[in-house]
1. Can you find, within region 177-199, the residue that is modelled with the lowest pLDDT among those that are in a strand (DSSP E or B) and under 16 Å from LEU147 (Cα atoms)?
2. If the requirement is being of a type outside the set (Phe, Trp, Tyr) and closer than 30 Å to ALA580 by Cβ, which of these qualifies: THR466, THR524?
3. Tell me the residue from SER345, SER334, SER272 that is touching a helix residue (DSSP H, G or I) at 6+ places or on another chain (Cβ under 7 Å), of a type outside the set (Phe, Trp, Tyr), in contact (Cβ under 8 Å) with a residue 12 or more places away in the chain and over 23 Å from THR189 (Cβ atoms), please.
4. Is one or more of the residues making up region 64-76 within 34 Å of the chain's Cα centre (by Cα) and closer than 23 Å to SER206 by Cβ?
5. Every residue in region 116-129 that is free of Cβ contacts under 8 Å to residues at least 60 places away in the same chain and surrounded by 13 or more Cβ atoms within 10 Å (Cβ to Cβ), please.
6. Quick one: count up the residues across region 569-580 that are surrounded by fewer than 17 Cβ atoms within 10 Å (Cβ to Cβ) and within 11 Å of THR606 (Cα to Cα).
7. Got a number for residues in region 559-577 being free of Cβ contacts under 8 Å to residues at least 24 places away in the same chain and part of a loop (DSSP other than H, G, I, E, B)?
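The values are calculated or read from the model by the stated rules, or taken from the named source; none is laboratory data. Being a predicted model, the structure only gives us computed values, none of them experimental. For neighbour counting, all protein chains shown are included, and Cβ atoms are generated from backbone atoms with ideal geometry for every residue, glycine included.
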Amino acid sequence: GNAKMRCPFALLQLLVALLHVQTVPSTHLVERTRRLQDDAGYNGSCTWTDCTKWELLSTSVVFRPTVTPMGVSSPQSLILPLDQVDELSSVECGPSCSADADALSRLTVKIGLMNESEATDFATDFCSVSFIVCIRLPDGVEGYLLLLWGDHRGGQVNTWAAALRKRGKRVPFPAETYELKAVLGLWITSVPLEGQLTEEIGNLTSLRLLTLRKVSMGGSLPASLGRLTSLVALEIQGSKRTGPGLSGPLPPWRLNSLEVLSIVEARWLEGSLDQIANLARLKHLTLILPGLRLPSSPHLGPNLTTLVLQRVDLNGQIPEWIGGMANLETLDLSYNDLSGPMPPSLMNLTKLRHLSLSRNRLKGSLPDGFGSTWPHLEELELQRNQLSGHLPTELSKTTNIRHIRLSYQRINEGFHGPLPPEWGSLTKLEYLDVSRNNLNGTIPEQWGNFLQLRELYLEWNKLSGTLDALGLPPQLKKLHLSHNKFNGPVPDGLAECAELKELVADNNNLGALPSSLDKWTNLTKLSLSNNNMTGTLPSLSPIKRLRMVDLSCNRIEGFTGNGFLPETLEDINFDTNALAIIPASWHYLPAAKKLRLSNNSFTASTWPEWFETAKGYCANDRISTLSEAKEWLSAKDPPDWPV
C-alpha cells in the first residue's frame with residue numbers, strides 16, 4: 001500500500017507497545033493435585049490419608065508404583081514401590097520417629113520453615129505437616145522423609161522457599177540435620193540453602209535417599225558419605241542460577257546398596273567414575289553434563305535398567321557393549337557427538353521402553369528390522385541427526401509406542417520415500433514428528449487409526465494430497481503441516497477437535513475452512529498463509545482464546561458475522577488478500593500488538609475515519625514516550641492531533 005495505508009499500522013503498533021498492559025495469571029500457586037495427576041508416576045490409586053504426598057512421591061523413580069498410567073512397571077526397575085510403602089502417623093511410627101522430634105523442631109525454627117498452623121500440627125503429630133512423610137518400607141523399617149521442596153515439576157510446593165527466593169535470602173544448612181536418627185530420606189529441591197555438607201553427614205546411617213537439587217550449597221562432597229551403607233539413591237543436581245554449587249573431587253565411595261545414581265549439571269565435580277563398575281546393584285544411572293571422566297569401558301552391572309548419558313562428550317560410534325545390557329529399559333545418549341551408523345546390536349535390547357539418540361551425528365539408514373525386537377517400546381527420539389533411507393516399516397510392531405520423533409535429518413537429505421501405511425497399527429500413538437525430511441506421497445488411509453494422537457508434525461516435506469485420511473481424534477492439540485503440497489479444503493472433522501490449540505499449515509494449497517469454528521474454543525494459533533483460500537471465511541469470533549492469526553497471501557474478501565475478531569488476538573496478519581473494508585468491530589482489539597493489512601483492496605472511501613493518520617505524522621513521527629502517546633489518545637479527531 002501507499003504511505004497513508006502503512007503509517008496507521010506503525011501508529012497502532014507504537015501505541016499498543018507503549019500502553020498495552022498484559023495481565024498474566026500467577027503460576028506460583030499451582031494446585032498440586034491437578035498438576036501431578038498428569039505425571040507418569042501417579043495412577044490414581046492412592047491408599048494414603050494424604051494423597052498429595054502420595055502423588056508427589058510417586059513421580060520419583062525411587063518410589064515409582066507397581067502400576068502407572070503407562071502400564072505395569074517391570075519388577076527389575078522398581079526400587080521402593082509406593083504401593084508397598086505404608087503411611088504412618090506419629091503414634092504408629094512410635095519411638096523411631098519421636099526420638100527425632102526435638103531436633104526436627106529446632107531445625108524448622110532455625111530456618112523458619114513452619115507457619116503458625118503447621119507449628120500447632122507439628123506439636124501433636126509431626127507426621128502430618130507438609131514437609132514430613134512418615135512411612136514403613138517394604139522391609140519393615142520405619143522412619144520418615146524430610147522433604148524441603150521449593151518447587152516440583154514446574155509448580156510451587158512450599159511457599160516458604162518461594163518467599164525466601166523472592167526476598168533474595170538464603171539460610172544456612174541447619175546443623176540439626178546431622179542429629180536425626182530415623183530419617184530415611186533427605187530430599188532438598190530448589191531451596192536457597194547455603195553453606196556446605198560436613199563430614200557429619202556420615203552420621204545419618206539410616207538414610208536410604210539423599211537428593212540435593214538446585215540448592216545454593218558449595219564445597220566438596222564429604223568422604224563420609226561412604227559410611228551411608230544403606231543408601232539406595234543418591235541424586236545431585238546443580239543449578240545455573242545459584243552458582244557453582246558442589247565442587248571438587250568425587251570421593252572413592254563403595255556404596256554397595258546404591259540402586260539410583262544421578263548427577264546432573266554438576267560440572268564442578270571432578271575425578272573419574274571408575275567406581276560405578278563396583279555398584280553391582282545399580283539400576284538407574286543418569287549423568288548429564290558432569291565434569292567427571294567416564295571410564296572407557298564402564299562394565300556396568302547386569303541390573304541396570306536406565307542409562308542416561310547426556311552432554312558427556314561421548315564421540316565416535318555407539319559402543320557395542322551397550323547392546324549387551326539385557327535388562328536395559330531406558331537408553332538416552334542424546335546431546336553428544338556420536339557418529340557413524342546405528343549398530344544392529346541395539347536390536348538385542350528387547351526390554352527397551354525409551355530410546356533417545358537425538359542431537360548427535362548418526363548417519364546412514366536404520367538397521368534392517370529396526371523396531372521389530374522392541375515390543376515394549378513407548379518412546380523413540382532420533383531427531384537432529386543425519387539419518388537417511390526410508391522410514392522403518394518394522395516399527396509397526398512396537399504397538400505400545402506413544403511417542404516418535406524422527407525430525408530434522410535434512411543435513412544429509414534425511415528420510416525419504418512415503419509415509420509407511422504399516423504404522424497404522426500404532427493405535428496408542430500420541431505424538432508423531434517426522435518434520436524436516438524429504439518424505440513424499442500422500443497420508444496413508446491407515447493413519448486414520450491414530451485415535452490417541454495429540455500432536456502431529458509433518459511440516460517441511462514434499463507430501464501431497466488431501467487431509468481426509470487423518471483420523472482427527474477429539475483430543476488433538478497441535479497439527480503442523482506447513483511447507484508441503486497438501487490441497488483441498490481443511491476437513492470438516494477438524495472443526496470437531498475441541499482440544500485443538502495450534503493449526504499451522506502455511507505454504508500449501510489448502511482451500512476453505514470448515515463452515516463453523518464454534519468448537520475451537522482452545523485454539524491459540526491459526527496460521528494458514530500462502531494457501532488457496534478465497535472469498536468469505538467463517539467468523540473467527542468463536543475462537544475465544546486465539547492469540548495469533550496469519551491468513552496472509554490468500555484471496556480472502558471478508559468474514560461472516562460482521563468480521564468480529566476475538567478480543568484475545570495479539571498478532572494479526574491479513575497481508576496480501578482481497579479485503580476491501582476494515583470492519584467497524586476492529587476498532588476494539590484490546591490485546592493487539594501487531595496488525596498487518598498491506599496489499600489489499602482498500603480505497604479512500606472504505607478506509608474508516610477512526611483508522612486515519614494525522615497529516616504530517618509520517619514526516620514528524622513524534623510519538624516516543626508514554627506521555628506523548630496519552631496526549632494523542634486524548635484527542636477526539638485527527639484535526640486535533642498534535643502535529
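1. LEU193
2. Exactly one of THR466, THR524 is of a type outside the set (Phe, Trp, Tyr) and closer than 30 Å to ALA580 by Cβ, namely THR524.
3. Answer to the selection: SER345.
4. Checking region 64-76: at least one residue is within 34 Å of the chain's Cα centre (by Cα) and closer than 23 Å to SER206 by Cβ.
5. Across region 116-129, the qualifying residues are GLU118, ALA119, ASP121, PHE122, ASP125, PHE126, CYS127, VAL129.
6. 1
7. 1
Listed here are the residues, each with its yes/no results for (1) part of a loop (DSSP other than H, G, I, E, B); (2) surrounded by fewer than 21 Cβ atoms within 10 Å (Cβ to Cβ); (3) of a type outside the set (Lys, Arg).
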site	(1), (2), (3)
PHE486	no, no, yes
GLU499	yes, yes, yes
PRO514	yes, yes, yes
GLY535	no, yes, yes
LEU546	yes, no, yes
VAL549	no, no, yes
GLU557	no, yes, yes
